[in-house]
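The block underneath contains the structure these notes are about, expressed in structure tokens.
Where a number appears in this text, it was derived from the coordinates with a stated rule and is not lab data. What you see is a predicted model, and the numbers here were worked out from it, not measured in a lab. Because the Cβ atoms are built from the backbone with ideal geometry, glycine has one as well, and the counts that use them run over all protein chains shown.
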Amino acid sequence: MTLTDTQSQRDDRQIPIDRVGVKNLRYPIQIRDKNHATQSTVATMQLTVDLPHQHKGTHMSRFVEVLNSHGAVLHVNNIRDILTQLTERLHSNCAHVDIEFPFFMQKSAPATGATGLMDYNSRFSATLDHGKLDFVVTAIVGVTTLCPCSKAISTAGAHNQRGQVTLSIRSTPPMWLEDMIQLVEQSASSELYSLLKRPDEKVVTERAYANPVFVEDLVRNVALRCEALADITFYSVEAENYESIHSHNAFARIEKNKDQSISVGTASR
């Protein structure tokens, strides 16, 4: 029996589509950490290609077929192969794969040494465009920030809050997630922990009080550290504070290709 292939029919509207494909697809993957151990996790994936103006639609099933052809567990080293197969199977010039997943690190509390697992939302964004591969790594890192203004005007204490930093980097070779996380945590008032005893809470609280930062300070601190690393060719850093005494959040962003000027954005508090 011959079935009609509607997707392959011609479209006469003369409008190409930048990205078309599947989104929110969950899939098991393996990530190699800096200690060269393999960490198994579950990713949420988006696979897309460009669609020329003359084609009515793409073949959605082929995205999943390409992914499944690499076995029950996806290895990050296979990303280029996946992109190449997508362009070949879907007759496209450009293919994209976005992989979001939780990355786990064991951290020791600063005073007692008590250990606990911390999870960091992470993302690999890869594009193959006419055979040229682009690869961006993103780490989303929770931090503690203490308000410099509050500290300066208060006779006792200062308000602090948990914040979130999103750091995206293009580098050769790709930067380890552990190094990106550490870079962000060193730029904040204090890092976060999953397990703290009372002596640890004292250390974290006093550390944050000694290192007050606005969101502006936070993104600038991260930017300076990125500037100091020659392997990084592009970075984007966003900081958002979940304000403890305001009904809104504070936000700042810096994005830079190192051969171009810095672009800065900030929202007033």
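A few remarks follow.
- Among T145, T84, the ranking by other beta carbons within 10 Å of each residue's beta carbon, starting with the fewest, stands as T84, T145.
- Taking Y120, Y209 and counting other C-beta atoms within 10 Å, the order from fewest to most: Y209, Y120
- The count of lysine pairs in the chain whose Cα atoms are under 30 Å apart, excluding pairs fewer than 8 places apart on the same chain, comes to 17.
- For a modelled paramagnetic label at Q30, 7 Å from Cα along Cα-to-Cβ, no residue of the range 85-127 is in reach, as no backbone nitrogen comes under 13 Å.
- Debye intensity ratio I(q)/I(0), log10, the chain, q values 0.08, 0.09, 0.12 Å⁻¹ (C-alpha model): -0.43, -0.53, -0.84
- GNM remark for the chain: springs join alpha carbons under 10 Å apart, and the peak mean-square fluctuation among Q54, Q161, Q14 falls on Q14.
- Kirkwood hydrodynamic radius over Cα pairs of the range 1-115, then Stokes diffusion coefficient at 20 °C and 1.002 mPa s, in µm²/s: 130
- Around the Cα centre of the chain, unit charges on the Cβ atoms of Lys, Arg, Asp and Glu (plus for the first two, minus for the last two) sum to a dipole of about 300 debye.
- Counting neighbouring Cβ atoms within 10 Å and putting the fewest first, the residues K132, K258 line up as K132, K258.
- Stretch gain in nm, segment D81-H53, where the contour uses 0.36 nm per residue and the Cα spacing is subtracted: 7.5 nm
- Here's the picture: charge each Lys and Arg Cβ at +1 and each Asp and Glu Cβ at -1 in the range 47-178, and of G142, P102, M118 the one pushed furthest to the positive end of that dipole is G142.
- Fluctuation leader among L183, L218, L167 - the chain, Gaussian network, Cα springs under 10 angstrom: L183
- The range 1-65 versus the range 69-138: alpha-carbon centroid distance in Å: 15
- Relative contact order, whole percent, for the chain stands at 13, derived from Cα pairs under 8 Å and 6 or more residues apart.
- Choice from A158, A208, A252 with maximal GNM fluctuation in the chain (Cα, 10 Å cutoff): A158
- For the range 13-98, relative contact order (Cα pairs under 8 Å, six or more residues apart, normalised by length) works out to 34 percent.
- The range 103-163, relative contact order in percent, only Cα pairs under 8 angstrom and at least six apart counted: 22
- Column: log10 I(q)/I(0), Debye, Cα scatterers of the range 111-269, q = 0.08, 0.14, 0.16, 0.18 Å⁻¹: -0.26, -0.74, -0.92, -1.11
- Rounded if a/c under 1.5, otherwise prolate or oblate - the range 100-152, Cα gyration tensor axes: oblate
- Spacing of the two label points (7 Å from each Cα toward its C-beta) at D129 and H70, in nm: 2.1
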